[in-house]
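Asker: Next up is a structure, given as structure tokens.
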């Protein structure tokens, strides 16, 4: 403590896994958060004091996120936490931060249908990714879609939402399979056989972590051409495509607010800063970008308030905007979610996501899908390939 009783630093809890099945994506989220902290501290910190990360590795085990959130708050005197990828992990942290009145930044897309005054949601909810992706698939590939996912909360709920959206647009789900995290690569053989038999127009994947890599690889090795029948996803990102390889990944589709191929000054600056700190920007993902901008928004709110008062920080954050790598965003004061950009990208022959469709302005979050509209003009007639180029590094 300083002589005036003020803390010598500001603590920020970091809960991202470096081991386990979701480490491939959570490491990129942790890096995004650490990069933002480094940038804030390089400018002199907040009110002249640095932000210090207090980090634990939950090992991709949902219960560990809740236990470690409790440890951060009670033992480490941390009142603000950034973390989690899986919804099952978020559900473990949620009652802890509500009971302890801490502030939780969640930088990951999720299935929606949730609100907590203690959470700032930084990832896309269904009206920002599922609705535009469904519209794109129906328009460009056909109405028959096959579902495959990991067996936990997010895939089950996300597929429920996607099924309803597809039906509204005249589509149908022709098959649906889920696999546990413990499944090995051979578990996908039966799914690949079923896809060959049912001949869907597209596949919607809610697999996460290592299972994503196994499935995309098996799909390619079975002789399927993703340029004709793609795997479309909300979760498959640059870190996983890097592991899958360009040859097996070409043609597959992801909907997200941010891709590292976006050629704007803010995105280039972010990627250059990331590469300077971590040696490469190949593993930058939309969830990494969300962790990055959420930490910066926390720092700006803290600079405004000059104390870790959760109620006042939350009040400052609601309605706040930030010029993020994806473009200008804003925290919706109505529901604590974030106005985000919507983009649909396809993997090219070099393994890069190339944006094929985008919404020109950030979309107001509608976590409860009060008014999903597949015919909304924002999700059509927005093909702008000139907006991006592949950035070779």
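Bear in mind these aren't lab numbers, they're just calculated from the coordinates by the rules spelled out. These numbers come from a predicted model, not from an experiment. All Cβ positions, even for glycine, are placed from backbone atoms using ideal geometry, and neighbour counts span all protein chains on display.
Asker: Report the antiparallel proportion of the DSSP beta bridges in the chain as a percent, rounded to a multiple of 5. Spell out each step's value before the answer.
Answerer: Values: 17 of 49 bridges.
The answer is about 35 percent antiparallel.
Asker: Which value in nm describes the separation of the simple spin-label points at residue 189 and residue 18, placed 7 Å from the Cα toward the beta carbon?
Answerer: 3.7
Asker: Now for a separate question. Between the alpha-carbon centers of region 282-300 and region 32-82, tell me the distance in whole angstrom.
Answerer: 13
Asker: If a/c stays under 1.5 just call it rounded; otherwise compare a/b with b/c (prolate if a/b is bigger, oblate if not). Do that for region 1-88, with a ≥ b ≥ c from the square roots of the Cα gyration tensor eigenvalues.
Answerer: Values: a/c = 3.63, a/b = 1.61, b/c = 2.25.
Judged from the Cα gyration tensor, region 1-88 comes out oblate (a/c at least 1.5, b/c at or above a/b).
Asker: Further question: List 156, 340 from most exposed to least, where exposure is judged by having the fewest other Cβ atoms within 10 Å.
Answerer: Details: 156 16, 340 29.
Ascending Cβ contact count within 10 Å gives the list 156, 340.
Asker: Ok, one more. How long is the gain from residue 9 to residue 63 if the chain were fully straight, where each residue apart is worth 0.36 nm and the alpha carbon distance is subtracted? Present the calculation step by step, with values, prior to reporting the outcome.
Answerer: Details: separation 54, 0.36 × 54 = 19.44 nm, distance 2.91 nm.
Roughly 16.5 nm would be gained on extension.
Asker: I've got another one for you. Quick one: if the Förster radius is 25 Å, what FRET efficiency do residue 160 and residue 275 give, using the C-beta to C-beta distance and rounding to 0.05? Kindly include the intermediate steps, with their values, before the conclusion.
Answerer: Values: r = 39 Å, r/R0 = 1.56.
Given R0 = 25 Å and the Cβ-Cβ separation, E is 0.05.
Asker: Rank 210, 358, 349 by mean-square fluctuation in a GNM of the chain with C-alpha springs under 10 angstrom and give only the top-ranked residue.
Answerer: 349
Asker: Note the per residue figure in Å³ for the convex hull of the C-alpha positions in the chain. Present the calculation step by step, with values, prior to reporting the outcome.
Answerer: Details: hull volume 47.1 nm³, N = 393.
Convex hull of Cα atoms, per residue: 120 Å³.
Asker: Measure nothing but the geometry: give the 0 to 90° angle between the long axis through the Cα atoms of 87-100 and the longest principal axis through the Cα atoms of the chain, rounded to 10°.
Answerer: Taking the Cα atoms of the chain, the angle to 87-100 is about 20 degrees.
Asker: To test your reading of the geometry: what angle, between 0 and 90 degrees and rounded to tens, separates the Cα axis of helix 210-221 from the longest principal axis of the chain?
Answerer: 20
Asker: Determine, for 213, 192, the number of other Cβ atoms within 10 Å of each Cβ, and report the residues in order from fewest to most. Spell out each step's value before the answer.
Answerer: Values: 213 22, 192 17.
Sorted ascending by nearby Cβ count, the order is 192, 213.
Asker: Just to be sure I understand the model, the point goes 7 Å from the Cα along the line to the Cβ. What's the resulting residue 139 to residue 304 distance in nm?
Answerer: 3.6
Asker: Test of understanding: extend the Cα→C-beta vector of residue 247 to 7 Å, then name every residue of region 343-371 with backbone N under 15 Å from that spot.
Answerer: Counting only backbone N, you get 349-351.
Asker: Next question. Once you treat every alpha carbon in region 165-226 as an equal point and sum by Debye, what is log10 I(q)/I(0) at q = 0.12, 0.25, 0.29 Å⁻¹?
Answerer: -0.31, -1.17, -1.41
Asker: Once each part is reduced to its C-alpha centroid, what is the distance from region 85-130 to region 211-266 in angstrom?
Answerer: 25
Asker: Let me ask something else. Which order results if 314, 269 are arranged by neighbouring Cβ count within 10 Å, fewest first? Write out the running numbers ahead of the final one.
Answerer: On the way: 314 17, 269 11.
Exposure proxy ranking, most exposed first: 269, 314.
Asker: Measuring from label point to label point, each 7 Å out along Cα→Cβ, what is the residue 39 to residue 54 span in nm?
Answerer: Taking the simple label geometry, residue 39 and residue 54 are separated by 2.5 nm.
Asker: Limiting things to C-alpha atoms, what are the Rg and the maximum Cα-Cα separation (Dmax) for region 106-205, in angstroms?
Answerer: Rg and Dmax of region 106-205, Cα atoms, are 14.8, 47 Å.
Asker: A further question on this structure: Helix-only estimate, please: 222 nm mean residue ellipticity of the chain, summing -39500 (n - 2.57) across DSSP H runs of length 4 or more and dividing by its residues, to the nearest 500.
Answerer: Values: 12 runs with 153 residues, N = 393.
Using -39500 (n - 2.57) per qualifying helix, the result is -12500 deg cm²/dmol.
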